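The values are calculated or read from the model by the stated rules, or taken from the named source; none is laboratory data. These numbers were taken from a predicted model, which means no experiment stands behind them. Please note: Cβ atoms are built from the backbone with ideal geometry, for glycine as well, and neighbour counts cover all protein chains shown.
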Amino acid sequence: MGAPNLSNAAAIVGAAESDVIGYPEDLTGHKVTSLQHHIQAIKNVSVQTGIPIADIQGIFSAGWSGELAEHLGLRPRYLDTTSVGGCSFQIHVHHALAAIHAGIIDIALVSHGEAGWSYRGGGGGGGGRGQVSPGAEMTAAYGTFGAPSQYAHAMVRHFHRFGTTQEDFAHIAVVTRDWAQLNPRGVMFGKTQSPFGGPITVQDVLDARLIAWPLTLYHCCLVSDHGGAVIVARPEIARSLSTNPVWVTGAGESMGHQNILEMEDFTATSASRSSATAYKMAGLGPADMEMAMIYDSFTITAGITAEMLGLAPRGEGYTLWKNGDAAPGGRLPINTNGGGLSFNHSGMYGMQLLVEAYRQLSRTAEDGVNGIEGKQTQATTCVVNGTGGTLSTTGTLVLTSDDR
Amino acid sequence: MAYNKPIPPQGQHTKPFWEGAKAGKLMLPRCRDCNRVHWYPRLICPFCHSTDLEWIEGSGKGRLHTFAVQHRAFGGWAEEVPYVTAYIDLDEGDRMMTVLRGVDPTKPEEIEIGTRVEVEFEQANDDTFIPFWRVSEAAGD
C-alpha cells in the first residue's frame with residue numbers, strides 16, 4: 001500500500017485576523033496581549049464563516065491549544081500544539097488535513113496570536129508576549145505546589161459523593177506494589193533498588209506521612225528517570241519484521257480543562273470521552289478489555305479513570321483493586337509494570353504505559369529484565385489511558401495482540 | 001509582618017477585579033448576552049462565545065465544593081502548614097479557588113462539603129488584596 005491520498009481531503013474555509021494588528025493598543029490604552037490576538041481572530045473567523053465557535057472539534061496552535069480550548073470553554077476531540085517555529089501553522093494545516101481525512105474531526109481551528117512588537121525584547125519564538133494566564137493569575141496565591149496538592153481535592157470530592165475512604169484507595173497502592181515485585185526494573189522491586197521497596201499493606205499506606213490530606217506518600221507516584229520509545233508502522237512493514245506486532249485498534253483523545261479550577265466534576269475526567277471514541281473505533285467495549293494500563297499518578301487518578309473507562313461502575317473503580325481483579329493472577333490485570341506508583345514515574349508517565357502494554361500483548365513481558373515469572377498475562381486486548389495536566393487531558397488507546 | 005506568600009502577577013484584562021478587591025468587593029465577569037457569570041475572567045464568554053462582557057459586584061458568598069489539607073508547601077506557605085485549600089461554588093455561579101479559613105486543618109473529617117462560606121480580603125501589597133474565604137458564622141443556611 002502506498003501513502004494514502006490526502007489530496008483535497010479538506011479545505012480552508014475562512015481566514016481572519018485580530019481586530020488591530022501592527023502596533024496596536026486596546027481601547028484603554030493598554031497593549032494588546034497574545035491571548036487577545038488569538039481570541040479576536042477566532043471570533044472574527046467564526047463570524048466570517050458562520051461556524052459557531054462551539055462547533056470547533058480540533059484545535060491546532062503553536063503551544064496554546066490547551067489554554068485556548070479552556071478559554072473558549074471547548075472540549076476538543078483533537079489537540080495539536082506543535083510548536084516548531086514559523087512553519088508551525090503550515091504543519092498544523094497538514095495535521096488537520098490528516099485528522100479530517102481520517103474522519104476524526106470535521107472542523108479544525110488553526111490559531112495564532114503573538115504580540116511580537118508590543119512585548120518585544122523577549123526574543124522570537126513566542127514566550128509570554130504579554131500573556132498572564134488568567135486561570136493561573138487567579139490561583140497563584142493559594143499555596144498549592146505540585147500535583148498532589150491539587151489531586152487531593154478530587155479525592156475529597158469522591159469521598160463526599162460516593163462515600164469512599166482513604167482505605168478504599170489504599171488498595172490501589174498495595175496491589176500496584178505487588179505488580180512491582182514482578183518487575184526487576186521497578187523502583188520498588190524488593191529492597192534491591194530502594195530500602196522502601198517490597199510489598200506494602202493497606203495500613204502502611206494509611207500510616208505514611210501526609211502530603212496533602214487525604215493523600216499520604218503511598219497514594220502518590222514516584223519521581224524517577226525514564227526514557228522510552230515506540231515505533232508505529234503500517235501493516236505491511238509490521239508483518240515483515242521479526243517482532244510481534246501489537247495493533248492500534250482504537251484511539252481517542254479529549255480534554256476537560258487545563259486548570260483544575262475549571263474541572264466541572266472533580267470525580268470525572270475526559271477519559272469517558274476519549275475512551276468512548278477509542279472503543280467505537282475498535283468496535284470493542286469495556287467488557288472486551290482483558291487488561292488495562294491506567295495512568296496512576298495517584299491512587300485517585302487510577303480509581304477515577306477505571307470508572308471513566310467503563311471498567312467499573314461510577315464510584316466503584318477502587319473495587320477492581322480491592323477485590324483482587326487488578327492483581328497478579330486476577331480477572332483484569334491493571335498496571336502490570338508496577339505502575340507510576342511503584343515502577344517508575346518521570347513526570348509524564350504515558351510512555352511507560354505504552355511500553356508495558358506492548359510487552360504484554362507481544363508476549364515479551366517476562367524477559368527476566370523487565371519482568372519475571374508471573375508477570376506475563378494472557379490478555380489479548382488492553383485499554384491504555386494516559387492522563388495529563390491536573391486530571392485535564394486524556395488519551396485512550398485500545399490495543400490488541402496479533403494472536404487474538 | 002510583610003506579606004510573604006506568592007503575589008499573583010496581574011494581567012491587564014483583570015484590572016476591575018483587583019481594583020474591586022482593594023475596596024473589599026468581589027468583582028465577577030458576567031456575559032451581557034447570556035447573563036451567566038464565569039470564573040476565571042475571560043476575553044470571551046466560555047458559555048455562549050459573546051464578547052459583550054461586564055463586571056458585576058458579587059455577593060461574596062458561596063458554598064464549599066471540595067478541599068484538601070496541605071501538609072507540604074514552599075516559601076511563605078511552608079510556615080502555615082497544615083492549611084486548607086478549597087474550591088468555592090459562588091452563589092452567582094461557577095467556581096473559585098482559595099485558602100479556606102475558619103476551619104481546623106487537623107480535623108479534616110469535620111469540614112463539611114456544602115458549608116456556607118464568605119469572602120474576605122488580605123492586603124499583600126499596595127496594589128494587591130487577595131481574596132480568601134471563611135466558613136460563615138451562620139453556617140448551614
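Within segment B:87-104, which residues are at the interface with another protein chain (Cβ under 8 Å from one of its Cβ atoms) and not basic (Lys, Arg)?
Scanning segment B:87-104 gives B:Tyr87, B:Met96, B:Met97, B:Thr98, B:Val99.
Within segment A:136-153, is even one residue part of a helix (DSSP H, G or I) and among the polar types (S, T, N, Q)?
Yes, because at least one residue in segment A:136-153 is part of a helix (DSSP H, G or I) and among the polar types (S, T, N, Q).
Give the number of residues within segment A:197-228 that are touching a Leu at 6+ places or on another chain (Cβ under 9 Å) and either of a type in the set (Gly, Ala, Ser) or part of a loop (DSSP other than H, G, I, E, B) (or both).
5
Yes/no matrix, rows are residues, columns are (1) closer than 29 Å to A:Asp225 by Cα; (2) aromatic (Phe, Trp, Tyr); (3) touching a strand residue (DSSP E or B) at 6+ places or on another chain (Cβ under 8 Å); (4) without any contact (Cβ under 8 Å) to a residue 24 or more places away in the chain:
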site	(1), (2), (3), (4)
A:Thr81	yes, no, yes, yes
A:His101	no, no, no, no
A:Ile107	no, no, yes, no
A:His112	no, no, yes, no
A:Ala154	yes, no, yes, no
A:Phe159	no, yes, no, no
A:Gln166	yes, no, yes, no
A:Val187	yes, no, no, no
A:Lys191	yes, no, no, yes
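Residues A:Asn8, A:Asn44: which one is within 14 Å of chain B (Cβ to nearest Cβ) and either free of Cβ contacts under 8 Å to residues at least 12 places away in the same chain or under 26 Å from A:His257 (Cβ atoms) (or both)?
Only one candidate passes the filter, namely A:Asn44.
Tell me whether segment A:326-344 contains one or more residues that are buried (at least 17 other Cβ atoms within 10 Å of the Cβ), assigned by TED's automatic domain parsing to the domain that holds A:His171 and among the basic types (Lys, Arg).
no
Which residue, of A:Leu206, A:Leu222, is more than 30 Å from A:Val132 (Cα to Cα), within 14 Å of chain B (Cβ to nearest Cβ) and touching a residue at least 12 places away in the same chain (Cβ under 8 Å)?
Answer to the selection: A:Leu206.
With respect to A:His112, is the statement that it is over 30 Å from B:Leu100 (Cβ atoms) and at pLDDT 90 or above true?
yes
Can you name every one of the helices (runs of 4 or more DSSP H) wholly within segment A:1-114 that holds 2 or more residues which are in contact with a Gly (Cβ under 7 Å, 6 or more places away or on another chain), among the charged types (D, E, K, R) and on the phi < 0 side of the Ramachandran plot?
It comes to none.
Of everything in segment A:253-277, what is over 14 Å from the mean Cα position of the chain (by Cα) and away from chain B (no Cβ under 14 Å)? Give them in sequence order.
A:Ala276, A:Thr277
Determine whether A:Thr243 is surrounded by fewer than 16 Cβ atoms within 10 Å (Cβ to Cβ) and either of a type in the set (Gly, Ala, Ser) or over 30 Å from B:Tyr40 (Cβ atoms) (or both).
yes
Examine segment A:345-355 for a residue that is touching a residue at least 60 places away in the same chain (Cβ under 8 Å), part of a helix (DSSP H, G or I) and not hydrophobic (A, V, I, L, M, F, W, C), and state whether such a residue exists.
yes
Find the strands (runs of 3 or more DSSP E) located wholly in segment B:34-141 whose residues include 2 or more that are more than 30 Å from A:Gln36 (Cβ to Cβ) and modelled with pLDDT of 95 or more, and list them.
Of the strands (runs of 3 or more DSSP E) lying wholly inside segment B:34-141, those with at least 2 residues that are more than 30 Å from A:Gln36 (Cβ to Cβ) and modelled with pLDDT of 95 or more span B:61-70, B:83-90, B:95-101, B:116-123, B:129-135.
Mind counting the residues in segment A:131-154 that are over 19 Å from B:Tyr40 (Cα atoms) and at the interface with chain B (Cβ under 7 Å from one of its Cβ atoms)?
Residues that pass the stated criteria total 3.
How many residues does segment A:268-290 contain that are touching a strand residue (DSSP E or B) at 6+ places or on another chain (Cβ under 9 Å), outside any helix (DSSP H, G or I) and in contact (Cβ under 8 Å) with a residue 40 or more places away in the chain?
Result for segment A:268-290: 5.
Report every pair of residues separated by at least 6 positions or lying on different chains whose Cβ atoms are under 6 Å apart, first residue within segment A:235-249 and assigned to a helix (DSSP H, G or I), second surrounded by 10 or more Cβ atoms within 10 Å (Cβ to Cβ).
Final answer for the pair search is A:Ala238/A:Pro245.
Looking at segment B:8-53, which of its residues are surrounded by fewer than 17 Cβ atoms within 10 Å (Cβ to Cβ), within 12 Å of chain A (Cβ to nearest Cβ) and over 17 Å from the mean Cα position of the chain (by Cα)?
Matches in segment B:8-53: B:Gln12, B:Cys34, B:Arg36, B:Cys48, B:Ser50, B:Thr51, B:Asp52.
Where residues in segment A:178-231 are among the acidic types (Asp, Glu) and more than 22 Å from A:Gly350 (Cα to Cα), which of them is surrounded by the fewest Cβ atoms within 10 Å (Cβ to Cβ)?
Out of the qualifying residues, it is A:Asp207.
Counting only residues that are touching a residue at least 24 places away in the same chain (Cβ under 8 Å) and over 20 Å from A:Ala154 (Cβ atoms), which one in segment B:69-78 is nearest to the other protein chains (Cβ to nearest Cβ)?
B:Trp77
Only one of (1) in contact with a Ser or Thr (Cβ under 7 Å, 6 or more places away or on another chain); (2) surrounded by fewer than 17 Cβ atoms within 10 Å (Cβ to Cβ) is not met by B:Ile56, so which one is it?
The number of the failed condition is (1).
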